[in-house]
Ligand code: SF4
């Protein structure tokens, strides 16, 4: 200890000699100054230093080491030194990962073995994950915790492609073998085989009573998202569950196979970017516009391996569906995860779902502390945002809808985990009610619950479902990912011809995403997709909402 204390004293002296600013506290004024400094146009100028906290000037850096007055002999001593003298207030993500790894604290760049609370997999990655698990842990191995594995077939379901159908059977066999509790099967017979019947068409229900729909929307509905937990899934949009104040991220099949066997995953702690939301959304502007605007700001790789933390009165004013839309697309900026603070709105949502489904009821959220250290910190005034579009070929290619009226469209699509929630369809219906779409328009509810809610919900004495159908929207009862990910040729809504242009409420628009590699996808809010479906070109929905 004597040696470490001496090093600390020397380092402080060296820091002062180098002219480093050593502030023990940062007041609101300094924070605001930092925030203002971080506000600037694209071009990377918004990115602050890798760590903005002044006490990081006490970290071991080449500059200090170069003074010749400072030397720590081993990585172990350096770790102890940092723990004692580089005190950093943890962000939400750091707090979650420190708790889940059993460490008092972690900081960006640390590698930590994290205990997983929920592992989710689906029909596309589940069979591969199971294969890795059996190869590495043995043919007779058992998963680490039967109650923590959630299996949701949702991607390539309503297709006559026999291999896709077979994937669902592989999941069912594994669930039976392992005695897993949470499996949202397409069919009711636990010993049966799934076979899609194309002669029945795409629009009418072809699933049993346990089927749920898109995994990320199903997880909160069925009571599997809880504040304070770690949820990993074999799908990049697993980050959506961060809306519930938990660490949620997508992982590969190899990692997932390891999690199946051990319940653990090795994660590098990401740096955190803060997006501070003030004000209120204007009429005609939705949460989708917020995330498209932000990704346009930082670029589709602007949050690579970073946590996107949403804060501020504007963030907490958003309902849970809106928060999910935003965290869902963290990955579209390369983010490791997206996360919202915990509040009573979140707690009430979760308590209701876990009670309904009999899932684990207790949870322990993490709170936002003042003086957190961010790698990027920017304030957005929601009132200034307008209907926004991410143009082909990436989610960061931002334009305003009102500037794009010359872009002629061939089709419109509403659906997916991001844009297929009940609230998304209600917004869409508000625009198309009493009108007719001019281009092929496809509606794919994210879950079977959304189907039921749209049939039950009324507008002007008519069911929302019938309003959509009467407007010419092809609505399918077969809730799934459908054409969001392209899928086999016979997938509902898939873009099979080249040069088609589609405006879509989904989340990703890289080339070929929804089918043909020469088709183009324009991402937008349900309002904007609806308005554009009525005109046949990209349209600002405010023109139609009055
Ligand atoms: S709806 Fe689209 S983004 Fe969501 S899980 Fe399915 S394929 Fe992925």
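How many residues does region 198-222 contain that are assigned to a loop (DSSP other than H, G, I, E, B) and either outside the structural domain of residue 158 (by TED's automatic domain parsing) or free of Cβ contacts under 8 Å to residues at least 24 places away in the same chain (or both)?
The qualifying residues number 3.
Among the residues of region 237-249, are any modelled with pLDDT of 95 or more, on the phi > 0 side of the Ramachandran plot and buried (at least 24 other Cβ atoms within 10 Å of the Cβ)? Scanning region 237-249 turns up at least one residue that is modelled with pLDDT of 95 or more, on the phi > 0 side of the Ramachandran plot and buried (at least 24 other Cβ atoms within 10 Å of the Cβ).
When the criteria are applied in full, residue 504 meets the requirement of being buried (at least 18 other Cβ atoms within 10 Å of the Cβ) and within 16 Å of the ligand (Cβ to nearest atom).
Would you confirm, using the coordinates I've provided, whether residue 131 is under 20 Å from the mean Cα position of the chain (by Cα), in the same structural domain as residue 252 (by TED's automatic domain parsing) and closer than 15 Å to residue 177 by Cβ? Taking the combined requirement at face value, the residue does not satisfy it.
In this entry, residue 166 is excluded by the filter for residues that are modelled with pLDDT under 95 and either away from the ligand (no atom under 16 Å from the Cβ) or closer than 20 Å to residue 205 by Cα (or both).
May I ask you to verify whether residue 140 is under 30 Å from residue 262 (Cα atoms) and either in contact (Cβ under 8 Å) with a residue 24 or more places away in the chain or not in a loop (DSSP other than H, G, I, E, B) (or both)? When the stated conditions are applied, residue 140 does not pass them. Residues in region 143-163 that are more than 16 Å from the ligand (Cβ to nearest atom) and part of a loop (DSSP other than H, G, I, E, B): 143, 144, 145, 160.
When restricted to residues that are within 14 Å of the ligand (Cβ to nearest atom) and closer than 13 Å to residue 335 by Cα, region 226-248 contains 6. Scanning region 491-501 for residues that are touching a strand residue (DSSP E or B) at 6+ places or on another chain (Cβ under 6 Å) and buried (at least 24 other Cβ atoms within 10 Å of the Cβ) yields a count of 2. Taken together, the residues in region 421-458 that are within 25 Å of residue 513 (Cβ to Cβ) and touching a strand residue (DSSP E or B) at 6+ places or on another chain (Cβ under 6 Å) amount to 10. Are any of the residues in region 466-476 within 16 Å of the ligand (Cβ to nearest atom), over 22 Å from residue 291 (Cβ atoms) and within 25 Å of the chain's Cα centre (by Cα)? The answer is yes, given that some residue of region 466-476 is within 16 Å of the ligand (Cβ to nearest atom), over 22 Å from residue 291 (Cβ atoms) and within 25 Å of the chain's Cα centre (by Cα).
The helices (runs of 4 or more DSSP H) located wholly in region 401-462 that include 1 or more residues which are farther than 20 Å from residue 204 by Cα and at pLDDT 95 or above occupy 416-419, 422-432.
Applying the condition of being farther than 17 Å from residue 156 by Cα and within 16 Å of the ligand (Cβ to nearest atom) to region 204-225 and asking which residue is surrounded by the most Cβ atoms within 10 Å (Cβ to Cβ) yields 225.
On the given criteria, is residue 443 touching a helix residue (DSSP H, G or I) at 6+ places or on another chain (Cβ under 9 Å) and within 13 Å of the ligand (Cβ to nearest atom)?
no
Among residues of region 223-244 that are assigned by TED's automatic domain parsing to the domain that holds residue 322, none has a Cβ under 6 angstrom from a residue that is within 14 Å of the ligand (Cβ to nearest atom) and assigned to a strand (DSSP E or B) at a sequence gap of 6+ or on a separate chain. When residue 189 is tested against (1) buried (at least 20 other Cβ atoms within 10 Å of the Cβ); (2) more than 16 Å from the ligand (Cβ to nearest atom), only condition (1) is not met.
Of all residues in region 108-123, those that are touching a residue at least 60 places away in the same chain (Cβ under 8 Å), buried (at least 20 other Cβ atoms within 10 Å of the Cβ) and in contact with a helix residue (DSSP H, G or I) (Cβ under 7 Å, 6 or more places away or on another chain) total 8. Listed residues 389, 354; which is closer than 29 Å to residue 97 by Cα, away from the ligand (no atom under 16 Å from the Cβ) and modelled with pLDDT of 95 or more? 354 is the lone residue from the list that is closer than 29 Å to residue 97 by Cα, away from the ligand (no atom under 16 Å from the Cβ) and modelled with pLDDT of 95 or more. When each of 331, 298 is tested for being within 16 Å of the ligand (Cβ to nearest atom) and buried (at least 24 other Cβ atoms within 10 Å of the Cβ), the lone residue that passes is 331. Among the residues of region 515-522, are any under 21 Å from residue 428 (Cβ atoms), in a helix (DSSP H, G or I) and under 21 Å from the mean Cα position of the chain (by Cα)? Taking every residue of region 515-522 in turn, none turns out to be under 21 Å from residue 428 (Cβ atoms), in a helix (DSSP H, G or I) and under 21 Å from the mean Cα position of the chain (by Cα).
The values are calculated or read from the model by the stated rules, or taken from the named source; none is laboratory data. Fair warning: this is a prediction, and the values are worked out from it, not measured in the lab. Methodologically, a virtual Cβ is constructed for each residue, glycine included, from the backbone with ideal geometry; neighbour enumeration extends over all protein chains shown.
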